[in-house]
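Where a number appears in this text, it was derived from the coordinates with a stated rule and is not lab data. Treat the numbers as computed from the prediction; the structure is a model and nothing was measured. Note that we place each Cβ from the backbone using ideal geometry, even for glycine, and neighbour counts take in every protein chain shown.
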Amino acid sequence: MKKLFIILVGWALGAPSIVWACDICGCSSGAQTLGLLPLVQRHLAGVRWQRQGYRTVAHGSEANSYEYFHSLDFWGRWMPHRRWQVMGFVPYSYNIRRFYDGQRQQVGGLGDVSLLAQFFILDPHQSMTHRWRHALQVGAGVKLPTGDFWMSESLNGQELPIPPALQPGTGSTDALVSALYAVSTHEWIISVDGMLRLTGQNSEGYRFGSRANGTLRFFHVSLWRKVTWMPYVGAQLDYRGSDSFQGDLQPETGGWVALAQVGAEVFAQDLAFGLSWSRPLAHELSSGFVAPQGRFSVSVTILMGRRQTAPTVLPPIPLLFPNVQPDTKPTEQ
């Protein structure tokens, strides 16, 4: 199997120009993660629910508040070749901003659809009989402005726009670039990956800062009752640049957050399950006015299409390497 990290962020973008002024609130500062994907030359379909929380300190005319970002992501994979795969992602966002005085803003809707094509430079098939198995993957894609970024709410008889951070869409077309390297033995896996999102300018002349993230994870692989269990620990760094409006950089935008991660992936027959929790270790968001809270996600994936034959020499390694028949046979004892 192999791991992908896809940026599916659609929460901090888009709104009418009358609210482009300093209206900070906790927004998703970095990338989301998909977890592990089976590399057995089978098509996939899955769903994942994610939750992120932020706390915003009072600033100017703004009041203290908490922001909660929920996303239900539907995605699929098509594998035309063992070294190629094409991914598609359709998120649905539901975001809430709750003030200390009890007032709240909430909005939900379709997010921005993403498409990504990925290619293995180092094919994991080539190291099936080696003690150390390596995989190197690169990818490129696009995020489309399919989500709504012009939503408003009624307040005291007036229609006021929802703040940019709560909008489900972005209003811009963005480019995605990804890379992954992983090394594996029979029981341990180490992976390093990165994702870069180059943002475009939306119809309001606003360009949100480009985003990048990198993740390091350590997995332990075990088999129990024909079910593969893969608990892991790791660390992630998310970064986003400053926003700009008609070419002018916007103050108190952008920042970074470092997180510790724990989670598990479980593979059983044609199903895969994922669970992940992240805790911020250090951060600097919106000039210190925004503090991130924990992140949580759970996912279910269905494998479709023909099933591969398990190898007779080496046990299947579920993260990076498909169940294929090796070129060599075991030596008679």
Note to self: Multiplying the sequence separation of residue 226 and residue 81 by 0.36 nm and subtracting their Cα-Cα distance, what value in nm do you get?
What the structure shows: 49.5 nm
Checklist line | Rough spin-label spacing in nm, given labels placed 7 Å along Cα→Cβ, for residue 175 and residue 287 | finding: 3.1 nm
Next item on the list: Using θ = phi - 60° and the Karplus relation 6.51 cos²θ - 1.76 cosθ + 1.60, list the HN-Hα couplings for the stretch 205-210 in order, rounded to whole Hz, with x at every Gly or Pro.
Entry: x, 9, 10, 7, x, 4
Margin query: Between residue 132 and residue 51, how high is the FRET efficiency from 1/(1 + (r/R0)^6) when r is the Cβ-Cβ distance and R₀ = 35 Å? Nearest 0.05.
Written below: 0.40
Check: Once both labels are modelled 7 Å past Cα along the beta-carbon direction, what's the residue 146-residue 264 spacing in nm?
Finding: 3.3 nm
Note to self: Between residue 183 and residue 296, what is the label-point separation in nm under the 7 Å Cα-to-beta-carbon projection?
What the structure shows: 3.6 nm
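Report the FRET efficiency, 1/(1 + (r/R0)^6), for residue 74 and residue 160, where r is their Cβ-Cβ distance and R0 is 45 Å, rounded to 0.05.
Values: r = 31 Å, r/R0 = 0.69.
Given R0 = 45 Å and the Cβ-Cβ separation, E is 0.90.
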Notebook entry, point to check: Mind listing the phi-derived Karplus ³J(HN,Hα) values for the stretch 42-51, rounded to whole Hz, using 6.51, -1.76 and 1.60 with θ = phi - 60°, and x for any glycine or proline?
Noted result: 10, 6, 10, 9, x, 9, 9, 10, 10, 9
Note to self: For a test of the definition: using alpha carbon positions, the gyration tensor, and the 1.5 limit on a/c, classify the stretch 133-190 as rounded, prolate or oblate.
What the structure shows: prolate
